[in-house]
Amino acid sequence: MTHHEDHYAPLEEYEPDFTLTPEDYEPFVGRERVEALKELAAPLEGKGWANVNSTLIGGGVAEMLQSVVPLARSLGVNARWYVIRGHDEFFGVTKKFHNMLQGLDYSITLEEIFGAYLDTIDENARGAFIASDLVVVHDPQPAAMVMNGVIFGNVLWRCHIDTSTPNRTVWRFLLPYINLCAGAIFTMEEFVGPGLQVPLYEVSPCIDPLAEKNRQYSRDEALGILADLFNEHDIDPERPIVAAVSRYDVHKNQASILGAFKRLREEKSLDPAPYLVFLGNTATDDPEGGAMLEELKTLAGDDPDIRFWVNVEDNDRVVGSLMHAADCFVHVSTREGFGLVVSEALWQGTPVIGSRVGGITKQVVDGENGFLVAPLDIEATAQKLDWLLTNPERAREMGQRGREHVRQNFLLPELVRRYLTLMRFYTGQDRHAPEFRLNELTYTEVLSVVRPRHPYLAGT
Ligand code: UDP
């Protein structure tokens, strides 16, 4: 085990340098929903909502916090964002946690848990002080911070991954931290792991229609933004594009996309022939990306129609433009907490072939705005690709229905609405549990009501 001589700054606080107002969202969600949001926020003026996660950029959580924090601030809430810091070993261990919680088998040593993981948490906690009405701790990386005595307030653990069948060792290690919280939030009820004794809530992630990535591009504009990359990678814009965007991660299952694309062209000669473009980045808290990418490139071999774009410049505009310009988007993860890219692609009006897995099933309505397939079913994916590429008009209609589905369910104001609802509940403004509460009254909640009236304790 390595001992670090250098000390981290306790936690880094991120200060957003831009403003988002509720009115900015009116064109997307309508006046009524904007007014409802403001009404919800009114009694929360000046109340605190802190978020703790482990990366400023890369991955869905950072993506959402970038917009959630400024919007909450303009609603009068004192929203904050803290990022824990760690060395590669720390992220190596938390990546293992992540994979094991989503059902993969690894062995993990006490040194990894007590050294790389808990020592880093202790270093982050040193000198840290977070006091807020609501504190949302995102994912396993910062979870143990809740026991260091430096976080004050109603702490909720927000789980962005699928912990329905977690590895027992890691889950039992995390359970006491989670059960110390005032509640836990999951994307779907199915993801709730065993043994939780705290109030549970369901909240879906959302995308921000005002983010550069989610602006609605015209085809010309998108092609203009992609022009340099098309040149560099020798892509003819007249040919169809199948796009896939994600980190290079074992659960993202890019190999099946590649397999389906190859299968499609073996079985059928499409004219004009499509390209398959993989766009991916490597998040700072994800050490596995490089190796995964190399494996995939080896699988692709010298296929003339497959392209890899990695850590592109002007990332957000390229992501949005590629999703818009693509004829079809594919996301067939074997496990998926949500998969923001699915909503992002649908929002660009592009139909999605998604796997019938986790959060993807909330977004892709089979036959309506895309298709659901089993993640490893290369044949089914190839058939759906074929259908979408040979029925462009129907595919476009599906994409438009996708945009509406996202408008109704997965735009940022809905996410903020749920968090404000939680704030109101936890600060005592609302006595009723939110409508997205998943479980009955918990033991701690019963205690908090009974204890003050208990004759024995009343006298103390
Ligand atoms: N993303 C990006 N550039 C890339 C790859 C991904 O901006 O090269 C973004 C993507 O648009 C999405 C986020 O990273 O907003 C990934 O979120 P998702 O929920 O799909 O997956 P996660 O990485 O959180 O598992």
Odd one out for Ala395, checked against (1) touching an Asp or Glu at 6+ places or on another chain (Cβ under 9 Å); (2) assigned to a loop (DSSP other than H, G, I, E, B); (3) more than 13 Å from the ligand (Cβ to nearest atom) = (2)
Among the residues listed as Ala184, Ala227, Ala144, Ala116, the single one being assigned to a helix (DSSP H, G or I), open to solvent by less than 10 Å² (accessible area, probe 1.4 Å) and either small (Gly, Ala, Ser) or in contact with a Pro (Cβ under 9 Å, 6 or more places away or on another chain) (or both) = Ala144
On the given criteria, is Leu420 in contact with a Ser or Thr (Cβ under 8 Å, 6 or more places away or on another chain) and closer than 28 Å to Lys47 by Cα?
-> no
Note: among Thr350, Thr334, just one is surrounded by fewer than 24 Cβ atoms within 10 Å (Cβ to Cβ), touching a residue at least 40 places away in the same chain (Cβ under 8 Å), part of a loop (DSSP other than H, G, I, E, B) and among the hydroxyl-bearing types (Ser, Thr, Tyr), namely Thr334
Can you pull out the residues in segment 152-181 that are under 23 Å from Asp133 (Cβ atoms), more than 16 Å from the ligand (Cβ to nearest atom) and open to solvent by 10 Å² or more (accessible area, probe 1.4 Å)?
-> Phe152, Gly153, Asn154, Val155, Tyr177, Asn179, Leu180, Cys181
Near pairs, Cβ below 7 angstrom, 6+ apart or cross-chain, from segment 300-315 (over 16 Å from Glu266 (Cβ atoms)) to any residue that is away from the ligand (no atom under 16 Å from the Cβ) | Arg307/Ile235; Arg307/Tyr275
Just wondering, is there one or more residues in segment 264-281 that are surrounded by 18 or more Cβ atoms within 10 Å (Cβ to Cβ), assigned to a loop (DSSP other than H, G, I, E, B) and either more than 13 Å from the ligand (Cβ to nearest atom) or of a type outside the set (Lys, Arg) (or both)?
-> yes
For segment 428-444, state whether one or more residues are touching a Cys at 6+ places or on another chain (Cβ under 9 Å) and either under 30 Å from Ala260 (Cβ atoms) or assigned to a helix (DSSP H, G or I) (or both).
-> no
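The values are calculated or read from the model by the stated rules, or taken from the named source; none is laboratory data. Because the structure is a prediction, the values reported are computed rather than measured. Reconstructed Cβ throughout: ideal geometry from the backbone, glycine too, with neighbour counts over all protein chains shown. Just so you know, the surface numbers come from the protein's heavy atoms only, side chains and all, with ligands and any DNA or RNA stripped out. Shrake-Rupley method; radii C 1.70, N 1.55, O 1.52, S 1.80 Å.
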